[in-house]
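The values are calculated or read from the model by the stated rules, or taken from the named source; none is laboratory data. From a predicted model like this one, the values you see are computed outputs, not experimental measurements. Cβ placement follows ideal geometry from the backbone for every residue including glycine, while neighbour counts extend to all protein chains displayed. These accessible areas exclude ligands, DNA and RNA; they are computed on the full protein's heavy atoms, side chains included. Shrake-Rupley method; radii C 1.70, N 1.55, O 1.52, S 1.80 Å.
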Amino acid sequence: MDFKEIQLLVSILTAITTSILSFFGYLISKWNKKKTQLDVIKEYYKEGDSKELVQSRRNLLSLNDKNSTNLINEFDGDAAIICNFFNKWSMMVRYGNLPFYIFKGASGHGVTKLYAVLKKYIEKRRNDNPLYANDFEYLYNKITSYSKKRSKKKWYFLWLRQ
C-alpha cells in the first residue's frame, strides 16, 4: 500500500466518522429540544395555575357571564396580568419554544374566551401602545383558524364514515 492509498483510506474513514457523528449530534439536539419544550410546558402550566392568575381569570370570565363592559375598569389590573401572561407565552409559541399543540384543547378554549372579554381593554390600551398584546392576538388568531380547519375536517371525516 502506497502513501496515496493510505491517504484515500484515511479520507474515507474521516468522512464516514464525520457523517456518523453529525447524525448523532442531530439526534441529541432533537432530544434536547424535546426536553426543553417539556420544561417550558411545565413552566406554562405551573405559572398558569398560580393563585393570582386563577383569580384574575375568574374575575374576568365573570364579567363575560354578566355581559357588562362597564365593570372592566374595576378589573384593569386583572386584565393587564392576563394580557401579559398570554403575550409572553404567545411569543414562546411564535418562536417555537412552546409547542402549539398545548392550545389545541382546553387551553385554547380558555384563550379564546379571555381574548373575547379583553378585546375592548386591548383596543383601549392600543391607543397609547399600538403593539399592546400583539402576540396574544396572534395566538388567538392561530387558535381560531385551527378550530375552523378542525371543524371542517371533522365534518369531512363524518361524511366519509357514512
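Of all the listed residues (104, 113), the sole one being under 21 Å from residue 76 (Cβ atoms) and open to solvent by 70 Å² or more (accessible area, probe 1.4 Å) is 113.
Scanning the stretch 116-142 for residues that are open to solvent by 90 Å² or more (accessible area, probe 1.4 Å) and within 12 Å of residue 86 (Cβ to Cβ) returns no hits.
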